[in-house]
Amino acid sequence: MREPTTIRRAAVRIDAATPPGRDRAVDALRALAIGGVVLGHWLVTALVADGGALRAASPLGHMPWLAPVSWVFQTLAVFFMVGGHVATRGLASAHTRAGVHGRIHAGVHRTWLAARLKRLFRPVLAVLAVWSVAAAGLLLGGASFVTVHTVVKLALSPMWFLLVFAVLTAATPLLARLSPLWPLAVVLHVDLVRFGLGGPAWLGWVNVLAGWLVPYTLGAAWARGELERPRAAWTLLLGGAVTTAVLVGFAGYPASMVGVPGAAVSNLDPPTLAAVTFGLAQCGLALLLRDRLRRVMRRPLAWAAVALVNLSAMTVFLWHQTALMATTALGLLVGRLPGLHTVPDGPAWAALRLLWLPVFALVLGVCRAAFHGFESGGGRRTRRDRHGRSGADRRDRSRVVLTGGRRELVDARRARRD
């Protein structure tokens, strides 16, 4: 019998190091949501070389029949649902550890929130520093303002998500028992005023918070045990899908669930009622998949892959657009490459773009190696006790890092906090 490979042995160790009570389906859903966002951006974002400048374009503008791609890869609702679930449980656990029951303790909330926001925004510093230097270098090097504006806007576009997520996280004590029907009603009335009564366009920005509050509060309801029955998940899936189909088919909402340059209305910027009902359908499907994901996550290799994605979630999210742009810029040194610098106006471009995805992933891997330390807290070496555990191992939560095929345990109770 062949000896297990190094990767398999490492995966088995990661599996053994995971606390037995951890719901691995939560991590799997988070990984799928992040993967959907990354792949979606790589598939629908094109940087076209136009003379001496780069401009953004989308294949959805030239090929509307590709709209179903956005249905698969626009997975932010699932991410917000998981975020609401994790935050609600995490805050409750923090109060339990502090011996506070039945009420929100301001001190416990501040400590918990500070830790979460630190983990959210610490990786942002690296992105801002790199792109400040890059933008200045491009301008001094003679790049056009159009090019610099395009690439900086794309690189920093993920920041909006962090701001919204941070606000909802800070408000978790107020949102933990809020019914998703309330923010859904806000979105409905905002759209009625905007589109039905000719109200001001700026009113739609109310939906930036209200729209993502819907899946966030769904996650809180999940944490309270209110969405355990399949009936709830089926109601979300079928009700959300049918409502979205009616809105797209008869109310004039765009079929694409992401923004399309030049379109009169975007479902995502700001979120519309169609985007929110579509998110409800996605959340219903995610809830239906929980048991199946739990079974799959019992396999050490599958769980190790999901664990590593979750450990690098912020780095992957913040740097995936930079990976696309770095590949595009380096490609220009060779020439105008099809599927990378050309106008996304036909099936040939879409087929060629698929071939570029592994290259984007490789460059993202380089970014991950370079900047993951900002997400992990610098990976400082600490003194370990006779069991091989550091102080951080005992204080925080379990995190497994693969380095050179070997496993190291850092922050030993991180899994329980999230």
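The condition of being touching a Leu at 6+ places or on another chain (Cβ under 7 Å), surrounded by fewer than 22 Cβ atoms within 10 Å (Cβ to Cβ), part of a helix (DSSP H, G or I) and not aliphatic (A, V, I, L, M) holds for only one of 284, 331, that being 331.
Residue 151 falls short on exactly one of the conditions (1) in a helix (DSSP H, G or I); (2) surrounded by fewer than 21 Cβ atoms within 10 Å (Cβ to Cβ), and that condition is (2). What about residue 15, is it within 26 Å of the chain's Cα centre (by Cα) and not polar (S, T, N, Q)? When the stated conditions are applied, residue 15 passes them. With respect to residue 369, is the statement that it is at pLDDT below 95 and either crowded, with 18+ Cβ neighbours inside 10 Å or aliphatic (A, V, I, L, M) (or both) true? Yes, satisfied.
The C-beta contact set for the range 271-291 (first residue under 16 Å from residue 246 (Cα atoms) and modelled with pLDDT of 95 or more, second residue of a type in the set (Ser, Thr, Tyr) and surrounded by fewer than 24 Cβ atoms within 10 Å (Cβ to Cβ), distance under 7 angstrom, 6+ apart or interchain) comprises 272/253; 274/253; 277/243.
Number of residues in the range 244-264 that are surrounded by fewer than 18 Cβ atoms within 10 Å (Cβ to Cβ) and outside any loop (DSSP other than H, G, I, E, B) equals 4. Among residues of the range 161-175 that are touching a residue at least 60 places away in the same chain (Cβ under 8 Å) and over 17 Å from residue 206 (Cα atoms), none has a beta-carbon under 8 Å from a residue that is acidic (Asp, Glu) and assigned to a loop (DSSP other than H, G, I, E, B) at least six positions away or on a different chain.
Determine, yes or no, whether residue 137 is farther than 30 Å from residue 114 by Cβ, at pLDDT below 95 and assigned to a loop (DSSP other than H, G, I, E, B). Here the answer is no, as residue 137 does not meet what is asked.
Within the bounds of the range 227-238, is there any residue that is part of a helix (DSSP H, G or I), touching a strand residue (DSSP E or B) at 6+ places or on another chain (Cβ under 7 Å), surrounded by 16 or more Cβ atoms within 10 Å (Cβ to Cβ) and not charged (D, E, K, R)? No, because not a single residue in the range 227-238 is part of a helix (DSSP H, G or I), touching a strand residue (DSSP E or B) at 6+ places or on another chain (Cβ under 7 Å), surrounded by 16 or more Cβ atoms within 10 Å (Cβ to Cβ) and not charged (D, E, K, R).
The values are calculated or read from the model by the stated rules, or taken from the named source; none is laboratory data. Only a predicted model underlies this, so the values are computations on that prediction, with no experimental measurement involved. For neighbour counting, all protein chains shown are included, and Cβ atoms are generated from backbone atoms with ideal geometry for every residue, glycine included.
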